[in-house]
Amino acid sequence: MDSNQVNVLSVDVLESLAAALVRCHEELSAAMLEADSHVQRAQVWLERDRVPHWRKTLQRLEHDLQEARSALFRKENHRVTRDSKPSTVDERKTLARVQAAREDAERRAQATQRWAQELPRAQAEFKRGITPLAAMVDRELPQAIAALRRMSVALDRFLRDQPIDLLSLLPEPSPADGVESLRRTGGAPETRP
């Protein structure tokens, strides 16, 4: 079969393919919008929620750290008697716990800040990567759907019309014309009586 020819056995197949492409177009469009929306929400969440959260958390932990240091200092300098020192175990544990929480919060704040700066670059890279798909969804799929529908309509019209009998359009030769037959027989040309 020639590459320019198509063997269409059913017009319904073209209509089914067009319907499948319409669903594909809708699903791809929705998926791309949803993916872009997720990236936007992540950016907003980082910038407007997480960065301020860690800033406030660090301020609170800095305050707690100062209080823990002050409590330890007071306990170390408070003497019940001249030879006895009060136990500072609880105050040291509290200080160590607050210092560990502050260090963890600093790491998280730095990571959040880094992601808040890197996410726009990742978003731009995502958009560059999805651009060919978006172009296909926005231009090529609608064109393909329209072409399939046009083909389907044209084939349906063609199949609805009765085929023309070309032989009936030709005049019948009369026997008196003496027209030679155009049939190939391999022998001498025949003449009609």
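Within the stretch 93-137, being basic (K, R) and closer than 30 Å to L65 by Cα holds for K93, R97, R102, R107, R108, R114. Close Cβ contacts (under 7 Å, 6 or more residues apart or on different chains) running from residues in the stretch 84-97 that are within 12 Å of F73 (Cα to Cα) to residues that are assigned to a helix (DSSP H, G or I) and among the basic types (K, R) comprise P86/K75; T88/K75; E91/K75; L95/R69. Going through the stretch 48-99 one residue at a time, which ones are part of a loop (DSSP other than H, G, I, E, B) and open to solvent by 60 Å² or more (accessible area, probe 1.4 Å)? The answer is H78, R79, V80, T81, R82, D83, K85, S87. Tallying residues that are among the polar types (S, T, N, Q) and closer than 27 Å to R97 by Cα within the stretch 36-63 yields 2. Among residues of the stretch 1-21 that are over 12 Å from R149 (Cα atoms), those with a beta-carbon under 9 Å from a residue that is at pLDDT below 65 and in a loop (DSSP other than H, G, I, E, B) at least six positions away or on a different chain give the pairs N7/M1. Test D104 against the criterion of being on the phi < 0 side of the Ramachandran plot, out of contact with any strand residue (DSSP E or B) (no Cβ under 8 Å at 6 or more places or on another chain) and surrounded by 10 or more Cβ atoms within 10 Å (Cβ to Cβ), and give yes or no. Answer is yes for this residue.
Can you find a residue that is under 30 Å from K75 (Cβ atoms), open to solvent by 60 Å² or more (accessible area, probe 1.4 Å) and in a helix (DSSP H, G or I) anywhere in the stretch 122-129? No: zero hits.
Going residue by residue through the stretch 26-47, is there one that turns out to be open to solvent by 60 Å² or more (accessible area, probe 1.4 Å) and under 27 Å from R150 (Cβ atoms)? Looking through the stretch 26-47, at least one residue is open to solvent by 60 Å² or more (accessible area, probe 1.4 Å) and under 27 Å from R150 (Cβ atoms). Annotation: A134 fulfils all but one of (1) at pLDDT below 90; (2) assigned to a helix (DSSP H, G or I); (3) surrounded by 10 or more Cβ atoms within 10 Å (Cβ to Cβ); the unmet one is (1).
The values are calculated or read from the model by the stated rules, or taken from the named source; none is laboratory data. In this text the structure is predicted, and so the values were computed from the model without any measurement. Counting neighbours? That spans all protein chains shown, and the Cβs are built from the backbone with ideal geometry, glycine included. Quick note on the areas: whole protein, heavy atoms, side chains included, nothing else; ligands and nucleic acids left out. Shrake-Rupley method; radii C 1.70, N 1.55, O 1.52, S 1.80 Å.
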